[in-house]
Amino acid sequence: MSLSSWRQFPFFDCLPIRDPYYGSSDALYSDPTISGICASPTHLIIATKQSTVKLITPKYKLAYQFVAYETGWTITKLKYVNIGNSKGFLCTVAERQGQPLSLKLWDLEKLMGSKTVDFNSDYHTLCQVTNGNNNYPLTCFASSDDFSILAFGFANGSVILVRGDLLHDRGSRQRVVFESQEPITDVQLRSESILFVSTVSRIFTIPTTGRNQGYPDKLLEEKLGADINCVDILQDPKKNLVVARDESIQFYNSKGKSHNLMLDIPKKRLHAYKSKYILLVSSVDSNLTSTSTISTNKLIIVDIVNN
């Protein structure tokens with residue numbers, strides 16, 4: 001089924017917003033070195049070269065910036081952790097070949113009240129994750145709502161689980177819960193006891209409690225895996241896994257396939273919003289000349305309840 005057979009409503013107009021510092025050394029979201037992005041209730045947050053974190057206001061002004069790691073580290077993941085009462089922490093995940101992965105939690109309210117930040121001491125929590133000789137990059141990361149369980153997937157096929165009271169900086173412990181020869185493309189926590197894992201050729205579950213001896217608990221898909229950035233989980237009581245395929249959107253529960261929606265368009269990214277909507281980024285390449293092409297990206301919001 002092609003996109004043209006779905007009911008379509010153009011709810012949004014495309015209005016390019018120019019970076020007020022475009023072309024300068026202080027560029028914001030037009031900076032070509034951006035390596036991570038997320039949002040807090042009050043700011044757009046980006047990570048750029050040299051592990052610099054920038055907080056941008058809704059009026060596209062730089063509110064605050066700080067260096068989170070020493071030279072040589074690259075921030076690859078950003079996540080805002082909401083702890084209620086209009087408070088939260090910024091989670092930064094940084095990598096450097098040959099070194100354990102470094103996760104830090106930052107109290108932004110506290111930082112913005114200070115003039116300078118010491119990346120060696122001004123973080124709220126530090127968690128280092130060791131993956132063998134630390135020569136393989138992180139491919140995916142997930143956390144529980146209370147940030148007491150963290151899951152890390154790596155390009156060498158390892159999945160590492162971290163448990164602890166990180167929000168109160170009371171320590172943590174880690175263990176390898178799965179190893180294979182295939183790159184891990186996604187990890188999603190369905191609950192405190194079940195972790196969805198995707199590779200390039202399989203999808204399965206792993207228990208987060210007890211010892212699974214490195215084996216999957218339930219094989220959900222043994223012939224098809226998932227691409228990076230093309231998996232998410234619905235925020236409803238069922239907590240079904242959603243996977244973007246070339247020709248469809250496939251859903252899985254903890255026992256196997258549940259249903260799918262035929263949607264034959266290229267899919268570059270997938271994001272599930274609450275229990276009803278799926279956001280897709282579709283990219284199409286068009287030939288300008290015999291030697292050059294142009295890529296067009298389209299954001300599609302899919303109502304999976306009403307089609």
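The values are calculated or read from the model by the stated rules, or taken from the named source; none is laboratory data. No experiment lies behind these values; they were computed from the predicted model shown. We place every Cβ from the backbone using ideal geometry, glycine too, and count neighbours over all the protein chains shown.
Numbers at a glance
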read-out	value
Only listed residue being among the hydroxyl-bearing types (Ser, Thr, Tyr) and over 17 Å from LYS77 (Cβ atoms), chosen from SER143, SER114, SER102	SER114
Test: LYS54 is in contact (Cβ under 8 Å) with a residue 24 or more places away in the chain, among the basic types (Lys, Arg) and surrounded by 15 or more Cβ atoms within 10 Å (Cβ to Cβ)	yes
Strands (runs of 3 or more DSSP E) wholly inside the range 93-206 that include at least 3 residues being closer than 30 Å to LEU220 by Cβ	138-143, 149-154, 159-164, 172-178, 184-189, 194-199
Number of the exception - ASP146 against (1) under 28 Å from VAL231 (Cβ atoms); (2) at pLDDT 95 or above	(2)
Residues of the range 112-130 that turn out to be closer than 17 Å to ARG173 by Cα and free of Cβ contacts under 8 Å to residues at least 40 places away in the same chain, as a count	2
Residues (in contact with a strand residue (DSSP E or B) (Cβ under 8 Å, 6 or more places away or on another chain) and among the charged types (D, E, K, R)) located in the range 85-112	GLU95, ARG96, LYS104, ASP107, GLU109
Meets criteria (among the β-branched types (Val, Ile, Thr), part of a loop (DSSP other than H, G, I, E, B), surrounded by 16 or more Cβ atoms within 10 Å (Cβ to Cβ) and out of contact with any helix residue (DSSP H, G or I) (no Cβ under 6 Å at 6 or more places or on another chain)) for ILE46	no
